[in-house]
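The values are calculated or read from the model by the stated rules, or taken from the named source; none is laboratory data. Not measured: the values here are computed from a predicted model. When we count neighbours, we look across all protein chains shown, and the Cβ atoms used for this are built from the backbone with ideal geometry, even at glycine. Please note that ligands, DNA and RNA were not included when accessible areas were found on the heavy atoms of the full protein model with its side chains. Shrake-Rupley method; radii C 1.70, N 1.55, O 1.52, S 1.80 Å.
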Amino acid sequence: LAQTGANVVINYATSADAARALAEEIEQFGPKTLLVQADVTDYEQVGEMIKQTMQTFGQIDILVNNAGITRDKTLKNMTKTHWDEVIHTNLDSLFNCTKQVLPFMLERKSGKIVNISSFVAQGGNVGQSNYATTKAGIIGFTKSVALEVSRHGITVNAVCPGFTETDMLMDVPENIRQRILDKIPMGRFGKPEEIAACVRYIVTEGGYMTAQAISINGGVYI
């Protein structure tokens, strides 16, 4: 998005150094950045983040909801804490950010909201009933909110990546990553840039696209 000229608000919870490094990388393209530390599971902290965004840039054109964690366990071994942590991070953040950004988009009758779901929402995955529940919830949320706001010039879409080369995947043991690869028809993991390119398309070219869940998964789920 920065490469297309968008100013970018970088939200982080604890990774201040990584956020600053990202800001420096973005600013090499020319756009401005704003770093805000906020726990997106906390409604008030999100409100403060949005307040700072409006004070700095005066408007919010794009919202990408991409906070997500895993706590993988089969349901038999899953604790209430495993369940709650994933629900709070993956779903509460979705509500907190969208709910508080929406008034500014409604006022301008313009806006693009992109929610990052997962192929796991569509096909399920062993040991991820908590994660699958949240990612399926993101798709339902996307479709419902899109129907509510489309007439106001706001689009809401979801992107459903397959296994992608992120820190989350790289934390998986090598032998399990190989087993995952064996199940992907294209024989490789997705690249973050490929997912980002879809988000960029939605917000720059996808003016007539709303309420959709777009799959980018290498064929792992059809």
Original post:
Do we find that ARG71 is part of a loop (DSSP other than H, G, I, E, B), at pLDDT 95 or above and open to solvent by 80 Å² or more (accessible area, probe 1.4 Å) in this structure?
Top reply: yes
Original post:
Tally time: how many residues in region 105-127 are open to solvent by 10 Å² or more (accessible area, probe 1.4 Å) and part of a helix (DSSP H, G or I)?
Top reply: 6
Subject >> helices (runs of 4 or more DSSP H) contained in region 128-222 and holding at least 3 residues closer than 28 Å to LYS109 by Cβ and open to solvent by less than 50 Å² (accessible area, probe 1.4 Å) >> reply: 129-149, 192-204
**OP:** State whether one or more residues within region 36-45 are under 23 Å from THR142 (Cα atoms), surrounded by fewer than 18 Cβ atoms within 10 Å (Cβ to Cβ) and acidic (Asp, Glu).
**Re:** yes
**OP:** Determine if region 9-23 includes at least one residue that is part of a loop (DSSP other than H, G, I, E, B) and of a type in the set (D, E, K, R).
**Re:** no
Original post:
Do the conditions hold for PHE57, that is, is it at pLDDT below 95, over 16 Å from the mean Cα position of the chain (by Cα) and among the hydrophobic types (A, V, I, L, M, F, W, C)?
Top reply: no
